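J.: Handing you a structure now.
The values are calculated or read from the model by the stated rules, or taken from the named source; none is laboratory data. Quick caveat, the model's predicted, so the values are computed rather than measured. Every residue, glycine among them, receives a Cβ derived from its backbone with ideal geometry; neighbour counts consider all protein chains shown. We work out accessible area using only protein heavy atoms, side chains counted, and drop any ligands, DNA or RNA first. Shrake-Rupley method; radii C 1.70, N 1.55, O 1.52, S 1.80 Å.
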Amino acid sequence: MLIKNAEIYQRGLGDLRLVEGSVAEIGTLSPETDEPVIDANGGALLPGLNDHHIHFLSYAAALVSMDCSPTAAANATDLKRLLGAQSSGAHWLRGFGYHESVAGDIDRHWLDRHGPKRPIRIQHRSGRLWILNSKALDIVNNLLMERDSNIELNPESLASGRFYDSDQVLSELIGRNLPPVELASNKLASYGVTGFSDMTPTNKGETFALFADLMQQRKISQNVQLAAKDPAICGGHEGNLVKIHLHENRLPELDQLIARIKASHHLSVPVAIHCVTEIELMFSLGALEEAGTIQGDRIEHASITPEHTLSRIQDMGLIVVTQPGFIAEKGDTYLDDLEQDYHPQLYRCKSFLDQNIGLAASSDAPFGSADPWQAMRAAVQRKTRSGRAVGEAESISPEQALSMYLGSLMEPHHPRQIEPGCTADLCLMAHPWSQIKLRLTSSDVSRVFRAGKVIFQR
């Protein structure tokens, strides 16, 4: 295949030939006999984008679930209206993205009063809380009685319908049907995404096998990197990560965290540590300083990063994978709920780059939008949905914002180049970069190639 008249990333206008999944030639090229030709008409040709932190199966499920976020439901009245529109059907109604700013700390009784008479489960946008109505709880209780197992659920949760950190237990009871993974993969492809890192901490050996199966069946078009809790699982799969999911209200003993990091490093597997609060970040840095670091160790989110921690992160050679899109999506809530001193520390970008800290970006979908172009805009503009500024000093250029999505899955902080011999994971835009950078929108994505094959065409 020959791509003509493309504005090739960091090279300028030229032609590019793809052969057997790789870039074979770059230059001024003529079509060979019967060779397919695509005229890029001067459009920017970029390396395919990589989403470095997503929960893919949950994202797929969210595509056929009800959006309960403040964007979809600004208040309790809106949420009641959304629920009322879901009255038909006896099967489960699944919601996602809920935040208490919509209708407070809702529980089973609230859902019983205002929701349809069918089993309902709604996930908080943090991903840690599920809220079930009474019909859903009846199913859970019946399954608990039917099964001769050691599954236990908190009695208070069974009474209120509010379940914290119970994903795995609820899945074992209720079962988990495969969500529309092909739809999710196609959606990501339409954004120019040719690879993603699934950072779900409950991933097990079966998950690795499932993803391998889905990729072989071509239901997932992207390259995939997986994280898991157990380093022994990751150790058998080159290029994967151990995910350590910390919660400020129940941190492990420091020695336990140090031991987990060392056990992972012993198998040459990098760790990716979830840090959304200052305490989680400080705790993680202390453990990493004691355990030592290896290439590829990461801080996930870095939602709040005090100035004094930047040099420590840089000294240890840690990579930061953050979500600038949250500034636009959740910034108003942050400004309203957090003390003003924290505002400049939220989802930093420029400070990391200025300190030569390896930086990459991601969606955290379904807890954020999976559209990387939306996150790029947020990284440049630093504006909330209502137009309020958040940490304007952390604004970066469109080129820097793009580069946060161009790293490989194994080296997310090093932007890839388009050069002879590289894998043909490419994103062709409809216009030159001089126009693309002014709007940073996924609607400008024209064609997307993974290993030389078109996985999206507008």
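J.: Counting pairs of alpha carbon atoms under 8 Å apart in space and at least six apart in sequence, what relative contact order in percent does segment 400-458 give?
T.: In percent, rounded to a whole number, it is 25.
J.: Further question on the same structure: Please work out, to two decimal places, the log10 of the ratio I(q)/I(0) at q = 0.06, 0.10, 0.11, 0.13 Å⁻¹ from a Debye calculation in which every Cα of the chain carries one identical scatterer.
T.: Calculated log10 I(q)/I(0) at the listed q: -0.27, -0.77, -0.93, -1.27.
J.: Gain in length, residue 22 to residue 126, computed as 0.36 nm per residue apart minus the alpha-carbon separation, to one decimal in nm? Walk me through the numbers on the way to the answer.
T.: Working: separation 104, 0.36 × 104 = 37.44 nm, distance 3.96 nm.
Length difference between fully extended and current span is 33.5 nm.
J.: Then there's this: Pick out, from 95, 79, 21, the residue whose Cα sits farthest towards the positive end of the charge dipole of segment 1-120, with +1 on the Cβ of Lys and Arg and -1 on the Cβ of Asp and Glu.
T.: Farthest along the dipole direction, towards plus: 79.
J.: Still on this structure: Where Rh denotes the Kirkwood radius from the mean inverse Cα pair distance, what is Rg over Rh for segment 1-116? Intermediate results must be reported in sequence, preceding the final value.
T.: Numbers: Rg = 24.8 Å, Rh = 18.7 Å.
Dividing the radius of gyration by the Kirkwood radius yields 1.32.
J.: In addition: For labels at residue 177 and residue 443 in the simple 7 Å Cα→Cβ model, what's the distance in nm?
T.: Here the answer is 3.4 nm between the modelled labels.
J.: How much length is gained if the chain between residue 107 and residue 458 is pulled fully straight, taking 0.36 nm per residue apart and subtracting their Cα-Cα distance, in nm to one decimal? Before the final figure, lay out each step's value.
T.: Numbers: separation 351, 0.36 × 351 = 126.36 nm, distance 4.30 nm.
Full extension from residue 107 to residue 458 adds 122.1 nm.
J.: With point charges of +1 on the Cβ of Lys and Arg and -1 on the Cβ of Asp and Glu, referenced to the Cα centre of segment 257-362, which listed residue (294, 310, 356) lies farthest in the positive direction of the dipole?
T.: 294
J.: Relative contact order (percent) for segment 40-151, with alpha-carbon contacts under 8 angstrom and 6 or more residues of separation?
T.: Across segment 40-151, relative contact order equals 22 percent.
J.: So, one more: Taking N as the number of residues in segment 405-458, what is its alpha-carbon radius of gyration divided by 2.2 N^0.38 Å?
T.: Here the answer is 1.22, to two decimals.
J.: Looking at segment 226-373 only, what percent of DSSP beta bridges run antiparallel? Nearest 5 please.
T.: Antiparallel bridges make up about 5 percent of those DSSP assigns within segment 226-373.
J.: Obtain the nm distance between the two label points defined at residue 145 and residue 11 by a simple spin-label model: each point lies 7 Å from its Cα along the Cα-to-C-beta direction.
T.: Between residue 145 and residue 11, the simple spin-label model gives 6.8 nm.
J.: Using the per-residue mean of other Cβ atoms lying within 10 Å as a proxy for protection, in what order, highest first, do the peptides 166-172, 96-102, 45-51 fall?
T.: Details: 166-172: 15.7, 96-102: 19.9, 45-51: 27.1.
Result, highest mean Cβ count within 10 Å first: 45-51, 96-102, 166-172.
J.: For segment 4-59, run through the GluC sites (Glu not before Pro) and keep only the ones in DSSP coil with at most 13 other Cβ atoms within 10 Å of their Cβ. Spell out each step's value before the answer.
T.: Working: sites: 7, 20, 25, 32; in loops: 20, 32.
Counting only loop positions with at most 13 other Cβ atoms within 10 Å, the GluC sites (Glu not before Pro) in segment 4-59 are 20, 32.
J.: Please state the relative contact order of the chain as a whole percent: Cα pairs under 8 Å, 6+ residues apart?
T.: 19 percent
J.: Does segment 207-249 classify as rounded, prolate or oblate by the C-alpha gyration tensor (a ≥ b ≥ c root eigenvalues; a/c under 1.5 gives rounded; else a/b over b/c gives prolate, otherwise oblate)?
T.: prolate
J.: Checking the cross-link filter: which lysines have an alpha carbon closer than 22 Å to that of residue 135, excluding same-chain neighbours under 8 positions apart?
T.: Correct list for residue 135: 80, 117.
J.: Going 7 Å from the Cα of residue 338 in the Cα-to-Cβ direction, what parts of segment 291-322 have a backbone nitrogen less than 11 Å from that spot?
T.: 302-306
J.: May I ask you to give the percent of accessible area on the chain that is carbon plus sulfur, with a probe radius of 1.4 Å?
T.: 47 percent
J.: Restricting to DSSP H runs of at least four residues, report the calculated mean residue ellipticity at 222 nm for the chain, -39500 (n - 2.57) per run over all residues, nearest 500 deg cm²/dmol.
T.: Only helices count here, giving -9500 deg cm²/dmol.
J.: How much accessible area per residue does the chain have, in Å², with a 1.4 Å probe? Intermediate results must be reported in sequence, preceding the final value.
T.: Numbers: 19750 Å² over 458 residues.
Counting only protein heavy atoms, the per-residue value for the chain is 43 Å².
J.: If the cut-off is a Cα-Cα distance under 13 Å, which aspartates and glutamates reach residue 243, setting aside same-chain residues fewer than 8 apart in sequence?
T.: Those aspartates and glutamates meeting the cut-off are 198, 230, 297, 300.
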